[in-house]
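Comments concern the structure below.
The values are calculated or read from the model by the stated rules, or taken from the named source; none is laboratory data. It should be emphasised that the depicted structure is a prediction, and the values quoted were computed from it without experimental measurement. A quick note on method: Cβ atoms are made from the backbone with ideal geometry, for glycine too, and the neighbour counts reach across all protein chains shown. Heavy atoms of the whole protein, side chains included, go into the accessibility calculation; ligands, DNA and RNA do not. Shrake-Rupley method; radii C 1.70, N 1.55, O 1.52, S 1.80 Å.
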Amino acid sequence: MATSRATARALPAATLVLALVLSGCGARTDASGGSASSAAASCVDVSGDSVKIGLLNSLSGTMAISEQTVHDSLRLAVAEINADGGVLGKQLEVVAEDGASEPTTFAEKAEKLITDDCTAAVFGGWTSASRKAMLPVFENNDALLFYPVQYEGLESSPNIFYTGATTNQQIVPALDYLKEQGATSVFLVGSDYVFPRTANKIINAYAEANGIEVLGEEYAPLGHTDFSTIVNKVKAAGADAVFNTLNGDSNVAFFKEYKNAGLGPDAMPVVSVSIAEEEVGGIGIENVEGQLTAWNYYQTIDSPENTTFVEAFKAEYGDDRVTSDPMEAAYASVYLWKGMVEKAKSFAVGDIQEAAGGVTFDAPEGTVTVDGENHHIAKTALIGKIGPDGLIHTEWSSGEPIEPDPFLTGYDWAEGLS
């Protein structure tokens, strides 16, 4: 029966995926949960000693370079929680699926995890294309997705909790930093899908309002490996900085070509919003040393919570492994879900949604708090520089958590973007 249900749903799921991926920008979803009226009845079983949760990450394809570490940190959180007695006394049983770096696969696997595996919540996704592909699946089934990666904002769904940064917690602080450093021009380089194109629309609006000239805007398909033409355009433009929204292993080819062209952090720094400690090793420290990143967590954060987290991750996966922002946000997401369930005293979606506001967790990045209205997290913004040790060291911090503003309602220059 399970196989036939999954097969029957594959075609409509793929159709929804195509429509949403092509739509580009996010859409404000009715916070009242209007989709719930058409939701299928939950099949989550909480009668026994365990409850199922789903992990959905790209373990193959171009995004595996980034998503494997997210999968590992989710498993670490689950193991810790189970060792500490579970959630409401129930052990967490993991059902893992490979999104294979394809939005349609993410949608199909999400449907399986919800309706066939009967998971209480799903944790995963990386690209905005994967998230947008999954969004209608979770809304139509009135299920919960915990999405751990920074993204372009302009979206809020009652069925998604966004534990990575939204725009005003990463992209806007990065632009503010460049402006404070005296940059008056930028060149935009990104992967050709939802996040970079929407992020660059926001960057263009910011630039126009802040006296910064955008000297070029170039895109490459996910997985693209020939950046000679794009880098030549970057070099010819002579911008003060490059804003990089490339994702996955394309960053390896881009930074190698960047260095080959004689470009570097002193003459033309690159600010990246999708390169963390995990990707630095794959790119090669010789290609990215001294370049800048914008995140909310680095392995080098000095706090007892982070020390414990880093030690636990290395003990589980090896001393050569590093921690990074997306995997830390994923780790925190499992604990935040646990906090919501325990506050609600229930695994039911409606009860969790009602209880979510104000739930906190002393995460490795610092204390994070859930906004019950937009389902985003208050987070501290950090600008970091990649060091010769392959780690990222904080150059600038917002000093305190920034409240999430996914639709940029607090910025006059962003009017009309959503």
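Computed extension gain for Lys259 through Thr307, at 0.36 nm per residue and net of the alpha carbon distance, reaches 13.9 nm. Ignoring aspartates and glutamates fewer than eight residues from Lys385 along the same chain, the ones with Cα atoms less than 13 angstrom from its Cα are Asp266, Glu277, Glu289, Glu395. Which percent of the accessible area of the chain is formed by carbon and sulfur heavy atoms (probe 1.4 angstrom)? About 49 percent, which is the carbon plus sulfur part of the accessible surface. Suppose only helical runs count, i.e. DSSP H with n ≥ 4. What mean residue ellipticity at 222 nm does that imply for the chain under -39500 (n - 2.57) per run, divided by all residues and rounded to the nearest 500 deg cm²/dmol? That calculation yields -12500 deg cm²/dmol at 222 nm. For the chain, the solvent-accessible area works out to 37 Å² per residue, with a probe of 1.4 Å and every protein chain left in place. May I ask you to list the lysines whose Cα is less than 21 Å away from that of Lys201, ignoring any residue fewer than eight positions away on the same chain? Within the straight-line cut-off, Lys201 pairs with Lys132, Lys179, Lys233.
Rounded to the nearest 0.05, what FRET efficiency do Leu88 and Tyr317 give with R0 = 45 Å and r taken as the Cβ-Cβ distance? Could you check? Display every interim value, and only then the final one.
Numbers: r = 28 Å, r/R0 = 0.63.
In this case the efficiency is close to 0.95.
Computed over neighbours whose Cβ is under 12 Å from that of Lys345, the net charge equals -2, Lys and Arg +1, Asp and Glu -1.
May I ask you to compute the full-extension gain from Thr225 to Ala267, defined as 0.36 nm times their residue separation minus their alpha-carbon distance, rounded to one decimal in nm? List each step's numbers first, then the result.
Details: separation 42, 0.36 × 42 = 15.12 nm, distance 2.38 nm.
Value of the extension gain: 12.7 nm.
Extension gain for Thr360 to Asp389 (0.36 nm times residue separation, less C-alpha to C-alpha distance): 7.2 nm. Structure note, pairs Lys259/Lys314; Lys112/Lys338; Lys52/Lys345: Cα-Cα distances above 28 angstrom occur for Lys259/Lys314. Labels on offer are (1) 137; (2) 127; (3) 148, and the one holding volume of the Cα convex hull per residue in Å³ computed from this structure is (2).
For the ranges 342-355, 61-74, what's the packing order if you count other beta-carbon atoms within 10 Å of each residue, average per peptide, and put the highest first?
Ranking, from highest mean packing down: 61-74, 342-355.
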